[in-house]
Amino acid sequence: MTTRKILVTGGAGYIGSHTVRLLLDQGYEVTVVDNLSKGYRENVPVGHLVEMDIADTRRLAAVLKESGAEAVVHFAAFIAVGESMREPARYFSNNVCGSLSVLAAMADAGVRHIVFSSTAAVYGNPHATPILETFPIQPVNVYGESKVMVETLLRWFDEIHQITNVRLRYFNACGADPQGRLGEQHEPETHLVPLVLRAVESGQPVTIFGDDYDTPDGTCIRDYIHVNDLARAHIQALEYLLGGGTSDAFNVGTGTGHTVLEIIRAVEEVTGRKVPYTTGPRREGDPAALVAASDKLRTKLGWKPQYTDLREIVRHAWNFARKSKTGT
Ligand code: UFG
């Protein structure tokens, strides 16, 4: 069997780098394109990184042709919801125009398949939980809207250029490479699990954004998924498209929700330390519960989460946080 060649945009970032490792472990030939505006050079194994901006369509088309890529996994994007509401132009430009450039380069180079990082934020405040892929698309922030716009671009590039796509709508990615090689390091950090781990290390309390929601303990419920389970969904999506599958959208979550307090308790169990926390007001735009119906991904792509124990997910994140702090 010939080696499958894949181009990954944003492969130096959190989810991208975990996916690249799994692709390499499974024998794929991988070219990473990243401008390192958010990602880290050391996340990409030597020899695989082309440092460039996805907005450079001509160069990207040349890299696609040179690498012989049969498919693209497109991660490169800005991801902070709050920031997107302060700087909409930057978000639309990077996320939408960047993706348009990727699609134009693919059309030019004759690359026919793309797996796209979409988000649960496309559903906005859903009317029910768990969330099905058929729920209304009604984002409530610029970040989510930018992903919806790309989903629309994908439809037209399929119709006109026969570029088939899988849109993976992520829920809450967390955890780290079980071998400790990679982990989550956003700057600034806004995500719950790394913030709770930082609170343990620094002694500075993390703030719970609201404890008066209509949930069992009053804190928000989210669907926390191990980054490697998320990464595997990309590989299964690639295999589906390379095998002739038609364009489709899938939720990527475990189907189980956890409250913020449950995350705090899991961190306490794993670290053996108390988590200092305070309770503050609700964060604007936070729905009470976001849990994926993941049956479609399981049935159609044969995906199944490998890490269903929250403590194991937290343990991997904790191992990475300690390792990067001590520099070992
Ligand atoms: N939270 C706190 N305190 C904090 C940070 C978060 O209580 O300091 C709470 C939030 O209110 C939320 C939960 O922890 O209930 C998770 O918050 P995150 O910021 O980690 O993640 P979100 O659920 O807000 O967002 C994630 C992704 C987004 C994506 C969204 C889709 O980070 O990119 O899921 O639902 F858009």
* Gyration tensor verdict on segment 1-154 (Cα atoms; rounded if a/c is under 1.5, prolate if a/b is larger than b/c, oblate otherwise) -> prolate
* Label point 7 Å beyond Cα of Thr2 along Cβ direction - residues of segment 62-81 with amide nitrogen under 20 Å -> 62-73
* Cross-link reach list, lysines versus Lys300, counting only Cα pairs under 29 Å and skipping chain neighbours closer than eight places -> Lys5, Lys147
* Structure fact -> If exposed means GluC sites (Glu not before Pro) lying in a DSSP loop and surrounded by at most 14 other beta carbons within 10 Å, then the longest stretch of the chain lacking such sites spans residues 1-188
* Compute the FRET efficiency between Arg322 and Thr256 as 1/(1 + (r/R0)^6), taking r as their Cβ-Cβ distance and R0 = 25 Å, and round to the nearest 0.05. => 0.40
* Would you mind estimating how fast the chain diffuses translationally, via Stokes-Einstein at 25 °C and 0.890 mPa s with the Kirkwood radius over Cα pairs, in µm²/s? => 122
* Asked: When N counts the residues of segment 72-187, how does its alpha-carbon radius of gyration compare numerically with 2.2 N^0.38 Å, as a ratio?
  -> 1.13
* Asked: Of all the C-alpha pairs in segment 212-288, what % are more than 22 Å from each other?
  -> 46
* Asked: In terms of modelled amide H atoms, which long-range or inter-chain residues lie less than 5 Å from the amide H of Tyr170?
  -> Ser118, Thr119, Ala120, Val252
* Structure fact -> Taking every other residue with Cβ under 13 Å from the Cβ of Val32 and scoring Lys and Arg +1, Asp and Glu -1, one gets -1
* **Principal axis box of segment 244-308, alpha-carbon based, largest edge first, Å** => 51, 31, 15
* Sequence-distant aspartates and glutamates (8 or more away, or on other chains) whose Cα lies within less than 16 Å of Lys65 -> Glu29, Asp56, Asp108
* Take every Cα pair under 8 Å in the chain that's 6+ residues apart, average their separations, divide by the length, and report that relative contact order as a whole percent. => 18
* **Hydrodynamic radius (Kirkwood) for segment 129-239, which is based on Cα pairs only, to one decimal in Å** => 17.2
* Hey, can you grab everything whose amide H is under 5 Å from the amide H of Val50? Only 5+ residues off in sequence or another chain; H modelled, so Pro and N-termini drop out. => Val32, Val33, Asp34
* To do: Would you list which lysines come within 29 Å of Lys274, measuring only between C-alpha atoms, while excluding same-chain residues fewer than 8 positions from it?
  => Lys323, Lys325
* Asked: What angle do you read, to the nearest 10 degrees and between 0 and 90, between the alpha-carbon axis of helix 310-326 and the longest principal axis of the chain?
  -> 80
* If you line up the long axis of helix 260-271 against the longest principal axis of the chain, both from Cα atoms, how many degrees apart are they, to the nearest 10? -> 90
* Asked: Residue by residue, what Karplus-based ³J(HN,Hα) values in Hz, rounded to whole numbers, does segment 75-84 have, using 6.51, -1.76 and 1.60 with θ = phi - 60° and x for Gly and Pro?
  -> 9, 3, 5, 7, 10, 8, 4, x, 4, 5
* Spatial separation of Cα centroids for segment 229-292 and segment 178-210, in angstrom -> 15
* Report, in cubic angstrom per residue, the convex hull volume of the C-alpha atoms of segment 128-168. => 83
* Given C-alpha coordinates of segment 168-300, what is the ratio Rg to Rh with the Kirkwood estimate of Rh? -> 1.02
* Asked: Nearest 10 degrees, 0 to 90: what angle lies between the long axis of helix 142-161 and the longest principal axis of the chain (Cα atoms)?
  -> 20
* Sites Glu51 and Arg181, calculated FRET efficiency, Cβ-Cβ separation with R0 22 Å, nearest 0.05 -> 0.60
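Since every read-out is calculated from the coordinates, none of them should be taken as a lab result. These numbers come from a predicted model, not from an experiment. Don't worry about glycine lacking a Cβ; one is built from the backbone with ideal geometry, like all the others, and counts go over all protein chains shown.
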